[in-house]
1. Please work out whether region 165-269 counts as rounded, prolate or oblate from its C-alpha gyration tensor, where a ≥ b ≥ c are the square roots of the eigenvalues and a/c under 1.5 means rounded, while otherwise a/b larger than b/c means prolate and anything else oblate?
2. Full extension from residue 279 to residue 410: what is 0.36 nm times the residue separation minus their Cα-Cα distance, to one decimal in nm?
3. Figure the gain on full extension for residue 228 and residue 22 (residue separation times 0.36 nm, minus the Cα-Cα span) and round it to one decimal in nm.
4. For region 282-429, what class follows from the C-alpha gyration tensor (a ≥ b ≥ c being the square roots of its eigenvalues): rounded when a/c is under 1.5, otherwise prolate if a/b is larger than b/c, else oblate?
5. Neighbour counts of other C-beta atoms within 10 Å: give me 438, 282 arranged from fewest to most.
6. For the residues 385, 283, 144, 324, what sequence is obtained by ranking on other C-beta atoms within 10 Å, fewest first?
7. So what is Rg over Rh here for region 218-362, counting just Cα atoms and using Kirkwood for Rh?
8. Students often forget the sequence filter, so: which lysines lie under 26 Å Cα-Cα from residue 454 once same-chain residues fewer than 8 apart are removed?
Amino acid sequence: MNDPQSTTSFSNQTYDQIALGASVSVSHVVTRDDVELLALVSGDVSVLGADATGSATVREPVCEGVSAEALVHGLLKRRLPGPGTVIVSHQLDYAGSVSMGDTLEATVWVVAKHPPDRLVMDCRVTRGDTLLLGGTVTVSAPSHNLTVDQRERPAVILRRNDVFGRLFRACEGIAPIPCAVVHPCDADSLAGAMEAARHGLITPVLVGPSAKILAAAQAGGWDLTPYRLVDTEHSHAAAELAVALARAGEVQALMKGSLHTDELMAAVVASASGLRTGRRVSHVFVMDVPTYPRMLLVTDAAVNISPTIRDKVDIVQNAIDLAHVLGVAQPKVAILAAVETVNPDMQATIDAAMLCKMADRGQITGALVDGPLAFDNAVSVEAAHTKHIVSEVAGQADILVVPNLEAGNMVAKQLQYLAGADSAGIVLGARVPIVLTSRADSVRTRLASAAVLKLLAQAKASPTGKV
């Protein structure tokens, strides 16, 4: 019954080693840090300093049961089954409140086994006689034994800005968006759609081979009865049919399942049957960077490999329009290059200068545009001052426009893996917004992408073009 954080190493059990009825428990005293982290993750920043006792309400939705849920996840990933466990889905109910100094008791036990690796875990978190959390979590148990040493745990990064929390709150009161989930034939892609549906972000229309989708649902313990299932022979047909549903107005968005991105996008951009508009299709990462004081959009890091200057005009305008929908009235756009001066030998600097002049002439609208700017003086006021750059954008960029896909991919991933950033992704420029999910995406990232999708779809349906 010790705090799982007090242990320096954790060993797992494989699916075959775990018996039905196996259980593990933990006791944890809630600290001030716990309450602060709960407030920042949930977006309920009024908890920080607003209550002398440090109390925080635990309720659903939008991750506000983090204190109790974190204990459950810690047990699953550290103790039973342990390191290597993948959480596939959960059905949890929250109640009561958590305050600094409370002692929480968490227990998980195996109530069902589904070969080859699925375990259904019954989970409870209590404070004395009060049930704070109850329900089930389905996990994929590890396939081999593993011991993880956690004596050197990474420092916790507090997210003072909470970009995703604002996105989730903006979605409140908006009806779920009908969304075609294309070829969700594995647990990861189907789990993302089911979580987005559970949080009221989308109403999924599942498009693909029905036998495979139903098998994935059975393995994950999901009930697909409330949702429309459209049968197709294979992934290529699923992409074409999902696009046709969007053209017909039966869905307002698309979400990638387990097919390749190229396969879905080929159907989207098909000249005769696709979802083309007058704009170039482009991708934007919506990033929550803990050390940056505002939402940061990075484009294009996923669709356009080597965009021309004409392509970049649409890429910039797509990102500006998204920023407007997300609540940034006049976004500051930094056109990135390796240096902040125009160099005829560096095409990125020439493109930046052209884009800025096009913005001056009204060919790009709705934002302040400046460039070329190097990354440091685009996001750091101090760096911009040191280099004597006089600009309304430098050091305060809301949007980073990268020279090409390779640069954008590296910028986005460095922010994720070195700066602790969370990133949602969306494809723009088509008739409907499109989410391109990845196996590496966390549940929070998938939900944030679905939240952006919901806000965009709502804006497209609004006469003013705004939520």
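1. Here region 165-269 falls in the oblate category.
2. Going from the current span to full extension adds 44.6 nm.
3. 70.5 nm
4. rounded
5. 438, 282
6. Arranged by neighbour count, lowest to highest, 385, 283, 144, 324 become 144, 385, 324, 283.
7. Ratio value, two decimals: 1.05.
8. 256, 312, 332, 413, 466
Bear in mind these aren't lab numbers, they're just calculated from the coordinates by the rules spelled out. Since we're looking at a predicted model, the values are computed, not measured. Neighbour counts run over all protein chains shown; Cβ positions are idealised from the backbone, glycine included.
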